[in-house]
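A.B. asks: Okay, handing you the structure first.
The values are calculated or read from the model by the stated rules, or taken from the named source; none is laboratory data. Predicted model, so just to flag it, every value in this text is computed and none were measured. Methodologically, a virtual Cβ is constructed for each residue, glycine included, from the backbone with ideal geometry; neighbour enumeration extends over all protein chains shown. These area figures cover heavy atoms from the full protein model, side chains too; ligands, DNA and RNA do not enter into them. Shrake-Rupley method; radii C 1.70, N 1.55, O 1.52, S 1.80 Å.
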Amino acid sequence: MTGNRLTRAESRERTKDRLLAAAAELFAERGVNGTSVEQIADRAGYTRGAFYGNFEDKHELVVALLERSVPGVLRSELVLHAVRDPAVRPHFDAHERSARAVVETRLRADFAARGVAPPASPAFLALVVRALEDGLLLHGHLNPEAGPDALAEAVRLLLRP
């Protein structure tokens, strides 16, 4: 029966994943500042001790979430949290630089494939695309009629010859 048993490392990773998932849900519902460590542990089915056995504090958990791919609603909350909390900004900036680099690479490839010169540097266009994404996510909460395709439509407009 030991084959079904998790190793200590696997168990720890599962606990950490459940805490991160619970935090993501709660942050999307209540915001980072509106969520306590106790609420995160409770939602995940653990105690505060389990939380502190995996994370030094809520700040470290936020940084761990930034390192993962997060859905729109949570992304909006993490952007707002980074604006409010200077300690989070460097971590958010590092994540953003990485995401912008991916967008920049895609934009360069798209312009090259079409044999078209970009209207501005691909690095700047990547910044514009990420800013559009953030803005459209926030507006999507207020104006759901905009639909999930608003970002794709906006990018098509940017890339139009």
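A.B. asks: Checking the a/c ratio against 1.5 first, then a/b against b/c, what shape does the Cα gyration tensor give for segment 93-161?
C.D. replies: It is oblate, given that a/c is not under 1.5 and a/b is not larger than b/c.
A.B. asks: Next up: What nm distance separates the two modelled labels at ARG89 and ALA154, each placed 7 Å from Cα along Cα→Cβ?
C.D. replies: About 2.3 nm, to one decimal.
A.B. asks: State the extension gain, in nm to one decimal, for the chain segment bounded by SER69 and ALA117, taking 0.36 nm per residue of separation less the distance between their alpha-carbons. Mind dumping the intermediate values first?
C.D. replies: Values: separation 48, 0.36 × 48 = 17.28 nm, distance 3.08 nm.
Once the chain is fully extended between SER69 and ALA117, it gains 14.2 nm.
A.B. asks: Over the chain, with the other protein chains present, what is the accessible area per residue in square angstrom, probe 1.4 angstrom? Please list the in-between numbers first.
C.D. replies: Numbers: 9920 Å² over 161 residues.
So the chain comes to 62 Å² accessible per residue, rounded to a whole number.
A.B. asks: Per-residue ellipticity at 222 nm for the chain, helices alone: DSSP H runs ≥ 4 residues times -39500 (n - 2.57), over residue total, nearest 500 deg cm²/dmol?
C.D. replies: Values: 8 runs with 117 residues, N = 161.
Theoretical 222 nm ellipticity from helices: -23500 deg cm²/dmol.
A.B. asks: Follow-up. Each label point is 7 Å from the Cα along the Cα-to-Cβ direction; what then is the distance between the points at LEU80 and ARG14, in nm?
C.D. replies: 3.5 nm
A.B. asks: What full-extension length gain, to one decimal in nm, is calculated for ASN4 and ALA101 as 0.36 nm per residue of separation minus the Cα-Cα distance? Walk me through the intermediate numbers first.
C.D. replies: Working: separation 97, 0.36 × 97 = 34.92 nm, distance 4.13 nm.
Net length gain for the segment: 30.8 nm.
A.B. asks: Return the loop-located trypsin sites (Lys or Arg not before Pro) in segment 1-32 (DSSP other than H, G, I, E, B) with at most 14 other Cβ atoms within 10 Å of their own Cβ; answer none if there are none. Write out the running numbers ahead of the final one.
C.D. replies: Numbers: sites: ARG5, ARG8, ARG12, ARG14, LYS16, ARG18, ARG30; in loops: ARG5.
Filter output for segment 1-32: ARG5.
A.B. asks: Please report the relative contact order for the chain, taking Cα pairs under 8 Å with a sequence separation of at least 6, and give it as a percent rounded to a whole number. Intermediate results must be reported in sequence, preceding the final value.
C.D. replies: On the way: 97 pairs, mean separation 25.3, N = 161.
Contact order relative to length: 16 percent.
A.B. asks: Restricting attention to segment 15-73, which GluC sites (Glu not before Pro) occupy a DSSP loop and are surrounded by at most 15 other Cβ atoms within 10 Å?
C.D. replies: Numbers: sites: GLU25, GLU29, GLU38, GLU56, GLU60, GLU67; in loops: GLU56, GLU67.
Sites meeting the loop and neighbour criteria: GLU56, GLU67.
A.B. asks: Choose one answer from ALA22, ALA150, ALA126: the residue with the largest mean-square fluctuation in a GNM of the chain with alpha-carbon springs under 10 Å.
C.D. replies: ALA150
A.B. asks: On to the next question. Pop a pseudo-label 7 angstrom from the Cα along the beta-carbon direction at both HIS59 and ALA131 and give the gap in nm to one decimal.
C.D. replies: 2.9 nm
A.B. asks: Sorting check: for 47-54, 153-160, which peptide has the highest mean count of neighbouring beta carbons within 10 Å, and how do the rest follow? It would help to have the intermediate numbers written out before the result.
C.D. replies: Numbers: 47-54: 15.2, 153-160: 13.1.
Ranking, from highest mean packing down: 47-54, 153-160.
A.B. asks: At 1.4 Å probe size, with the rest of the protein present, what percent of the exposed accessible area of segment 1-155 is carbon and sulfur atoms? Mind dumping the intermediate values first?
C.D. replies: Details: 5100 of 9280 Å².
Carbon and sulfur together cover 55 percent of it.
A.B. asks: Let me check I've understood the local charge: for ARG75, count other residues with C-beta under 10 angstrom from its C-beta, Lys and Arg +1, Asp and Glu -1. What total comes out? Intermediate results must be reported in sequence, preceding the final value.
C.D. replies: Details: positive: none; negative: GLU77, GLU133, ASP134.
That works out to -3.
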